[in-house]
Structure formats: C-alpha cells, structure tokens
Amino acid sequence: MAALTIENLYKSFGATEVIRGVSLSAQSGEFVVFVGPSGCGKSTLLRLIAGLERSASGSIRIGERDVTGVDPAKRGIAMVFQTYALYPHMSVAENMGFGLEMAGMAKPEREKLVRQAAEMLHLTDYLDRKPRQLSGGQRQRVAIGRAIVRNPDIFLFDEPLSNLDAELRVRMRLEIAKLHRDLGATMVYVTHDQVEAMTLADRIVVLRAGLVEQIGSPMQLYSDPDNRFVAGFIGSPRMNFVEATVTGMNDGAMLLDVAALGLSGLSIRPRVMPETLPATVTLGVRPEHLAEGGEGAVAVSLPCTAIERLGSIAYLYTAPGDDATIIAQLRGASAASPGSAVEVRLDPAQCFLFDAGGNRI
Amino acid sequence: MNRSLGLNAALVACIAFFVTLVGLPFWWVVSGSIKIPQEIIARTPTMFPQSFTLQHYQKLFDASAYPVYLVNSLIVAASSTVLTLLLAIPAAYAFFRLVFPARGVLYRTILLAYAFPSIVVLIPLFGLFAKVGLVDRLPALIIVNVAFALPFSIWMLRSFLAGVPKEIEEAAVMDGAPTLTILRRIMIPLIAPGIASVGIYAFVTAWTEYVFASVLILSDAKRTLPVGFSGIIGQYQIDWGLLLAGATVAIVPVVAIFALIGRGFVSGLTEGAVK
Ligand SMILES: Nc1ncnc2c1ncn2[C@@H]1O[C@H](COP(=O)(O)OP(=O)(O)OP(=O)(O)O)[C@@H](O)[C@H]1O
Ligand SMILES: [Mg+2]
C-alpha cells in the first residue's frame, strides 16, 4: 500500500505527443480511475506508471520513492492486462506463482500464497488447468490472482473487464470493488466505460488527448464539471447541450433565450459571473433534470420523435441519431408516444453554462 | 459447414491427386527395394512386388561403405541441426527484442546470404578451409550447413516470436523475469512449432547437401550419404536393387525426425492466453 504521485509527465511516440504534462496523485489505498475517449492516452499513462514505457520528462513517485527510472519489477506494482496475458503453457498455479518464483521465493511458501489467492478468487478447483481450459471470467480472475500473490503496493488495471459479456462485467466489477475493500491497496484502473468509473472510483481522472481535464470524486464530476467535455463524458445518457442567447442579467443569474427548448428569459446562475456578458452560451442539462413529472420549475414542451423504454424509466428523443437531439427522461409508464408532444420540467438549478471554448462559466 | 457433394468429391480428388503425386515415387522406391533383380528390370513394371528379398539390404550393409556414410551423414545433419537451433533462437530473439544500432540493416543483410548460389562461394570457401585445416573434415560440412541454414532460420523464428502477444512478454517483465529467463521459460515453449519447423528444415538441408560435401571431403571414409552413395551405385553399371535399398534407408532418418519433432507442430499453443 502506497501513495502514487505523478508530476508533469510527458511521453511521445515519434513525433506525436501522447501524454502532455500530466500531474496527479493517488492516496494510499485509494481507487483511482482513468477515463477518457479511445486514444486519449489512458493505457500509455498506465504503462508509464508500470515502467513498461519510459517517460520523456517528469517524475513518478511511489510512496517516498522516485521510481521514474526503476525497472518495472522493482516498482512494487502489479498489472492486470486487458487481454489477461496469461502464460498459455503454464497451469493456473504456475501462472500465479511465476512472479514469486522470479522473486526467489521457496516453493512451499509460494504454493501457500497461490492457494490463498486462489481461495479468495474461487479458483481452487482450477489450479491445475491451463488457461485455454478456462472461461473468460476465470481467466480474468487468474490474471488478478497473479497480481494479488505478489502483494504489490499498487495495482494497475487496464480495461480488465472489456472482454467480458455484460452480465459477467457487472459481477466482476463488484468483485473488484470487494477486492479493493479487502486488500485496502492503492488501485489505478483504466476504463472507457463511465459506469465502471462512477461505480468503482474514489476519484476519477478524466483524460483527453494526453491532458487531464478534471480530477474529482464521481459525484463532483457529475454535479460540478469544469468544462463541457467532462460534463458530456460523465453521465448516461449524456448531457444535452443547446445554444442560448444571453439577453441580460438579474441578481447574479443570466437571462437566456433558448430556442431549442422554446424558452425565453430563462434565469440560470453561472459558477462565477463573467465581467462582460457573452452574447451566446451553451446550456447543458442532463436528461434526468429535464424530466416528465420532475421537480423543475420551468415547463418545457418537447416533440417526441422516438421513445426508449427501459421499464422503470423511459427516454424521449427529439431527433434520434442527430447530435442535436434532446434527450428527456420520462416516467416508465409514460403515455407519450412518437408524434406527440410531451411536457417535461426543467430544473434551472441543475443547468450548466459553457462558453464558446467549452469552459464552464 | 455445408458443402455440396460435388465440391466434396472435387476436394477428395484433389487430395488424392497430390498424395499420388508425392507418394508414388516413394512407393516405387520402397517397394522396388524388396523385389528380386529380375522383377526390378522386368519389361512390364509391377506396381506391387511379386517377389520378396532382403538381398539388396544385405549387400548394402555388409558389402559396401554405406554404413560409414550413413553415420557420417547422421553426425553432420544432427550437429548442424542442434547448432543451427542453438544459434538461431538467441539471434532471432535479439533481432526481435533488443534495440541496437543497425539492427534493421543487419537483419536484411543476413538474408543476402541467399543471393549467392552456393557454387559461387565454393572455391573461396575451399581456400579458406584449406588454410585453417578444415578440408576433408566433417566440421567443415557442419559449418557450411549451419551458415546456410541460419539466415532463414533466424528470419523464420523471428516471425514466430512476433506472433506471441506482446502482453505475455510484458507480464513476464512485470513478474520480474530477466530477458534470458523470458526467452527460456516463456518464448521458447510458445514458439515450439517454429522451432520444430526450423529443426526439420536444418536437418533436411544438411541431410541432402551434395555440392559442398563432394568438394570439401576428399577421403572415402569421411563421405556423407549423398556423395558416397552416388559412388556405390557405380559409374558404368547400375545395381538397381542396391540403389533402391540405399534410397529407402536414406529416407528413414528424415521420416523419423518428422515423427519425432513433428509433434511440436501443435497449433493453437497460445490459445487462452489473450482474448
Ligand atoms: N507503441 C506506440 N507507438 C506509437 N504510437 C502509440 C503507441 N502506443 C500508443 N500510441 C498512440 O498513443 C495514443 C494513446 O494510446 P493509448 O493506448 O494510451 O490510448 P487509450 O486511451 O488507452 O485508448 P483505448 O481506450 O482505445 O485503449 C494513440 O493515439 C496511439 O495511437
Ligand atoms: Mg487502452
């Protein structure tokens, strides 16, 4: 168990800069999740922490130790790969014990630790099997077991569940959360599944094109995003963004005309009032704050073009498939049908304002 | 799969054609070696032996230098194979894994060895070996065979290594395995099919090599099978029975090595590692 501190890390492959000055820290025992779109550098950042890639500049510290130039095996880190990366010619027990053998541990001791880890992961019956004789979920557990036996200071996971089917993914997600509670180890977890990020993380690091966009607890990112990117990335279905014209200000709130919602004089409080009022802003509101029968003070009438019923709730789309579609949350038993107009309630206190550059106002 | 009857028949016919094409000469040699001389030279050839005799084999082993050639060939081919593998595996891994100056250039250069027909290097090589006293000694043949088998072996093993998922090696690095341990414990088992192919390739090329063996070896007692055997058959008169018996025996080690290390050709060895 140890804290992780990264300062001003840079990494390029040839001419392309992939990590462009990342600084972050994870406290001892914390579960930190990196999220971001494909290609934003999540895996690269993880591999830099593991030591599988060397950074161009910047430093990585684990606990009090600067490990920037240290060999991967000497960093006190274990990594679980997206592809499991088991040794196919070795049994489950040999897979899990290989690291200990390399560390020079005696066989009886090794076997004891492997058995302990196997019990924890319900793998006891499979210790003699080869990886090809296991199911996907079992393989992933072996990969996790291989990490556990080495009792690392920090666990690194690179999209460990993305090869599993939906049901198994939920189960393994809970198992990993339990593992974190039981071991109390520092964990760094990469995913592009924001549900995984929200449910597992103590803190989320949102990355985009090699830069940190925002760091915070899941609820912080959800309820107080720093910019349009984070606001759009966290939450499902994604936040609605509509253009609005600023008509004035009143008592610390901006007055907006929002054509897309058919509203005028809508009063929204910005985070901080800018010195000069912009002519236009982007208004962001989540579907759950644009809800049928919701508590919002403002009534909005939306044309229903398509409806997606999930049972307990339903979602309305004004222009399905289009980026400009507005998504609103309906009651599960809503009588709305495509072609009709539905009245939903907008909650002005849950709206966010962004400037033309995508920054939160 | 749902193949039509016609397609199935065509496939079977295809396979039968190739099996016949490849197998018929072998059958001719093997079956001929147990026929009595009169049947071998009979005007109408017999597909299946009408007679049975071991006289050709008896003559081959008791009254000719064939056993000596056989042993020489086995020594040369086996040593060449082992040496080729011992050198090619680390070399391929180095080309695959280590980053060193001029790696790419060197890698392409080794294949240049095949740009020259062996006959071109024969004379200078003879001069070279004469200087260091290797002429008329079996190690000379081993060196030549290894030198010619190596570039292709390295090239082939490297592509097998490249087929091993990168993460498996990285997992081993994270587990703290040093480079040579990764090679021995992880990579070699995973590229066993490649090693088997290269082994067979090295053995067969050494086993059948003729040009160098005919020039670099002078004394009869040091000859290998291809050269020695061609001497047994005779210049003016051909003993067909002896020829066929000798050819049959010469096939045996090759078949044996296929059976022995051909086991290494298990496919799907990395199955279950990554997905
Ligand atoms: N070895 C490499 N050589 C060159 N470019 C690389 C290499 N590895 C990664 N990249 C590039 O770096 C960028 C970041 O890659 P990375 O794998 O870190 O993305 P990621 O966030 O993990 O994406 P994903 O969610 O798809 O896994 C990509 O544009 C990728 O093309
Ligand atoms: Mg990745």
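The values are calculated or read from the model by the stated rules, or taken from the named source; none is laboratory data. Every value quoted in this text rests on a predicted model; they were computed, and no experiment measured them. A quick note on method: Cβ atoms are made from the backbone with ideal geometry, for glycine too, and the neighbour counts reach across all protein chains shown. Calculation scope for accessible area: heavy atoms of the full protein, side chains included, ligands and nucleic acids excluded. Shrake-Rupley method; radii C 1.70, N 1.55, O 1.52, S 1.80 Å.
Being at pLDDT 90 or above and open to solvent by 70 Å² or more (accessible area, probe 1.4 Å) is a property that A:Pro338 has.
Can you work out which of the residues in the stretch B:185-211 that are surrounded by fewer than 17 Cβ atoms within 10 Å (Cβ to Cβ) and of a type in the set (Ser, Thr, Tyr) is farthest from the chain's Cα centre (by Cα)? Out of the qualifying residues, it is B:Tyr210. Quick one: would you say A:Ala260 is open to solvent by less than 40 Å² (accessible area, probe 1.4 Å) and of a type in the set (A, V, I, L, M, F, W, C)? So A:Ala260 does not fit the description; no. Only one of A:Met172, A:Met187, A:Met198 is more than 16 Å from ligand 1 (Cβ to nearest atom), outside any helix (DSSP H, G or I) and among the aliphatic types (A, V, I, L, M). Can you tell me which? Going through A:Met172, A:Met187, A:Met198 in turn, just one is more than 16 Å from ligand 1 (Cβ to nearest atom), outside any helix (DSSP H, G or I) and among the aliphatic types (A, V, I, L, M): A:Met187. Report yes if some residue within the stretch A:275-287 is touching a Ser or Thr at 6+ places or on another chain (Cβ under 8 Å) and not charged (D, E, K, R); otherwise report no. Yes, because at least one residue in the stretch A:275-287 is touching a Ser or Thr at 6+ places or on another chain (Cβ under 8 Å) and not charged (D, E, K, R). I'd like to know if the stretch A:201-213 contains one or more residues that are within 16 Å of ligand 1 (Cβ to nearest atom), of a type in the set (Gly, Ala, Ser), surrounded by fewer than 18 Cβ atoms within 10 Å (Cβ to Cβ) and within 14 Å of another protein chain (Cβ to nearest Cβ). No, the stretch A:201-213 contains no residue that is within 16 Å of ligand 1 (Cβ to nearest atom), of a type in the set (Gly, Ala, Ser), surrounded by fewer than 18 Cβ atoms within 10 Å (Cβ to Cβ) and within 14 Å of another protein chain (Cβ to nearest Cβ). Only residues that are in contact (Cβ under 8 Å) with a residue 40 or more places away in the chain and either more than 30 Å from A:Ala56 (Cα to Cα) or more than 12 Å from chain B (Cβ to nearest Cβ) (or both) were counted in the stretch A:88-119, giving 9. Looking only at the stretch B:212-235, decide whether some residue is within 14 Å of B:Leu70 (Cβ to Cβ) and not in a helix (DSSP H, G or I). Yes, some residue in the stretch B:212-235 is within 14 Å of B:Leu70 (Cβ to Cβ) and not in a helix (DSSP H, G or I).
Mind listing whichever residues of the stretch A:33-62 are away from every other protein chain (no Cβ under 14 Å), within 16 Å of ligand 2 (Cβ to nearest atom) and not in a loop (DSSP other than H, G, I, E, B)? Passing the criteria: A:Val33, A:Phe34, A:Val35, A:Lys42, A:Leu45. Pairs are defined by a Cβ separation below 7 Å, a sequence spacing of at least 6 or placement on different chains, a first member in the stretch B:136-154 that is more than 16 Å from B:Gly199 (Cα to Cα), and a second member that is small (Gly, Ala, Ser) and open to solvent by less than 10 Å² (accessible area, probe 1.4 Å); the pairs so defined are B:Leu141/B:Ala213. For the condition touching a Lys or Arg at 6+ places or on another chain (Cβ under 7 Å) and open to solvent by 30 Å² or more (accessible area, probe 1.4 Å), what is the one hit in A:Asp193, A:Asp226? Being touching a Lys or Arg at 6+ places or on another chain (Cβ under 7 Å) and open to solvent by 30 Å² or more (accessible area, probe 1.4 Å) holds for just one of A:Asp193, A:Asp226, which is A:Asp226. Being at pLDDT 90 or above and in the same structural domain as B:Ser80 (by the TED database) is a description that does not apply to B:Leu106. Quick check, is A:Ile234 more than 16 Å from ligand 2 (Cβ to nearest atom), under 18 Å from the mean Cα position of the chain (by Cα) and modelled with pLDDT of 95 or more? No. How many of the residues in the stretch A:88-115 are under 25 Å from A:Glu159 (Cα atoms) and out of contact with any Lys or Arg (no Cβ under 8 Å at 6 or more places or on another chain)? The total comes to 3.
Residue-by-condition table, conditions (1) within 13 Å of ligand 1 (Cβ to nearest atom); (2) free of Cβ contacts under 8 Å to residues at least 12 places away in the same chain; (3) under 20 Å from A:Glu196 (Cα atoms); (4) crowded, with 21+ Cβ neighbours inside 10 Å:
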| site | (1), (2), (3), (4) |
| --- | --- |
| A:Lys11 | yes, no, no, yes |
| A:Ile19 | yes, no, no, yes |
| A:Leu48 | yes, no, no, yes |
| A:Glu53 | yes, no, no, no |
| A:Glu64 | no, yes, no, no |
| A:Met79 | no, no, yes, yes |
| A:Leu86 | no, no, no, yes |
